[in-house]
Amino acid sequence: MTANHSTNMRTIRTVSEMQATADELRKDRRIAFVPTMGYLHEGHLALVRKARELADVVVVSIFVNPIQFGPTEDLARYPRDFDRDAALLEKERTDIIFYPNDGEMYEKGFTTYVEVRKLEDHLCGKTRLGHFTGVATVVAKLFNIVKPHCAVFGQKDYQQLMVIERMVKDLNMDVEIVPYPTVREPDGLAMSSRNTYLSDIERKKARLISASLRKAEEMVGSGERNTDTIRRAVDDVLHQEDGIDVEYINICDTGTLEDVPVIAGRAVLAVACRIGKTRLIDNTILTEA
Ligand code: AMP
């Protein structure tokens, strides 16, 4: 690995320029890629630092992907601040920001989608219809545009990570997927661009989400294996205060995301809830001691 990466960060807005740049770089450099929707926080920046360790050139994309939002979701109000993001990325020694607009990514006549079956049928896929097809499609496109050797994804979006890993295997994509642990606020709340939607009162309630996961970990640590019992305890923690609407609490196989009745080995506990208008998700891996 060479240390002489460029100090001048570039912003590339077109697919053709990004592809030509990637072709040139790939002659003698390794490219690490971090796809994001912008409005960056410490969680994103930790992924960028990981990418910096893995390769010579770090590319970060900022694209709020319209096809992964449902008609009643928050596409229009999703927070955006390119100048702030660019300043943060420059500090992390990012080499290239890929920052296309919607028309550049989805030309008139666009009609090809990547559907990762079965994995989409669980957890967030049940209520966010078409969401993971939108995610898989944009990530497949970004891989074809940025041509990375490896790409870093957060475990915060566990189902998304499983969908991407499956897609890469199934379509023989030549990209190494590198998972990165969830970065949290001091009170445990998983960092998310959507946390900015929360009022002060909602923000205080939101700490119960990670507290509920810690409760489940403790139960498994002290020998509980029955997932119904654990799910009920998680639900109780989330109801310690009014105003948290639970969408799901599931304990699933870490690979297939199918519900499991008992913890045998490892399982993923995934939670989604709404606080006011804000939908938040979190998860943890429960491991038999
Ligand atoms: P987003 O901008 O929400 O699409 O997220 C871009 C990438 O950052 C995805 O791989 C997310 O899983 C990851 N990410 C988001 N929040 C966190 C977090 N709190 N810790 C680690 N990774 C995160």
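So what J values fall out for region 172-183 if you push phi through Karplus, 6.51 cos²θ - 1.76 cosθ + 1.60 with θ = phi - 60°, rounded to Hz, Gly and Pro as x?
6, 6, 8, 9, 8, 8, 10, x, 10, x, 5, 8
Rank Glu202, Glu218 by accessible area, highest first, at a 1.4 Å probe radius?
Glu218, Glu202
Using a 1.4 Å probe on the protein heavy atoms, what percent of the accessible area of the chain belongs to carbon and sulfur?
48 percent
Decide, for region 151-225, between rounded, prolate and oblate: order the square roots of the alpha carbon gyration tensor eigenvalues as a ≥ b ≥ c, take rounded if a/c falls under 1.5, and otherwise choose prolate if a/b is larger than b/c, else oblate.
oblate
Once the convex hull of the alpha carbons of region 228-268 is built, what does its volume come to per residue, in cubic angstrom?
Per residue, the Cα convex hull of region 228-268 comes to 66 Å³.
Once both labels are modelled 7 Å past Cα along the beta-carbon direction, what's the Glu107-Glu42 spacing in nm?
It works out to 4.3 nm between the two label points.
What Kirkwood hydrodynamic radius, in Å, does region 1-148 give when the mean of 1/r is taken over all pairs of distinct Cα atoms and then inverted?
After inverting the pairwise mean of 1/r, the radius is 16.2 Å.
Which part of region 101-142 falls in the paramagnetic zone of Thr256, meaning amide N under 14 Å from the point 7 Å along Cα-to-beta-carbon?
118-122
Enumerate the aspartates and glutamates that Lys126 could reach by cross-link, defined here as Cα to Cα under 18 Å, with residues fewer than 8 away along the same chain left out.
The qualifying aspartates and glutamates are Glu73, Asp74, Glu115, Asp157, Asp245, Glu247, Asp253, Glu258, Asp259, Asp282.
How would region 193-287 be classified by its alpha-carbon gyration tensor: rounded, prolate or oblate, with rounded meaning a/c under 1.5 and the a/b versus b/c comparison settling the rest?
prolate
Taking the alpha-carbon set of the chain, what are its Rg and Dmax in Å?
That works out to 19.4, 57 Å for Rg and Dmax.
Sticking with the crude label model, points 7 Å out along Cα→Cβ, report the distance from Asp187 to Arg274 in nm, one decimal please.
2.2 nm
So for region 150-289, if I pair up every lysine 8 or more residues apart or on another chain, how many of those pairs have alpha-carbons under 29 Å apart?
Lysine pairs meeting the criterion: 10.
So, by mean Cβ neighbours within 10 angstrom, what's the order for 150-160, 244-254 with the highest one leading?
150-160, 244-254
Per residue of region 228-236, what does 6.51 cos²θ - 1.76 cosθ + 1.60 with θ = phi - 60° give for ³J(HN,Hα)? Whole Hz please, x for Gly and Pro, Karplus curve as stated.
My calculation for region 228-236 gives 5, 4, 5, 4, 4, 5, 4, 4, 4 Hz in order.
For Ile12, list long-range residues whose amide hydrogen, built 1.01 Å from N in the peptide plane, is under 5 Å from its own amide hydrogen.
The list, which skips near neighbours in sequence, is Ile97, Phe98, Tyr99.
So what J values fall out for region 138-147 if you push phi through Karplus, 6.51 cos²θ - 1.76 cosθ + 1.60 with θ = phi - 60°, rounded to Hz, Gly and Pro as x?
Couplings: 5, 5, 4, 5, 4, 5, 6, 8, 8, 6 Hz.
What does the extension gain come out to for Leu171 and Glu24, with contour length at 0.36 nm per residue minus their alpha carbon separation?
50.5 nm
Quick one: angle between helix 158-170 and the longest Cα principal axis of the chain, in degrees between 0 and 90, rounded to 10, please.
Rounded to the nearest ten degrees, it is 50.
As a test, work out the antiparallel percent of DSSP beta bridges whose residues both lie in the chain, rounded to the nearest 5.
For the chain, the DSSP antiparallel bridge percentage is about 50.
The values are calculated or read from the model by the stated rules, or taken from the named source; none is laboratory data. Keep in mind it's a predicted model, so treat the numbers as computed, not measured. Here Cβ is always computed from backbone atoms with ideal geometry, including for glycine, and neighbour counts include all displayed protein chains. For the accessible areas, the whole protein counts, side chains as well, though only heavy atoms, and no ligand, DNA or RNA atoms are used. Shrake-Rupley method; radii C 1.70, N 1.55, O 1.52, S 1.80 Å.
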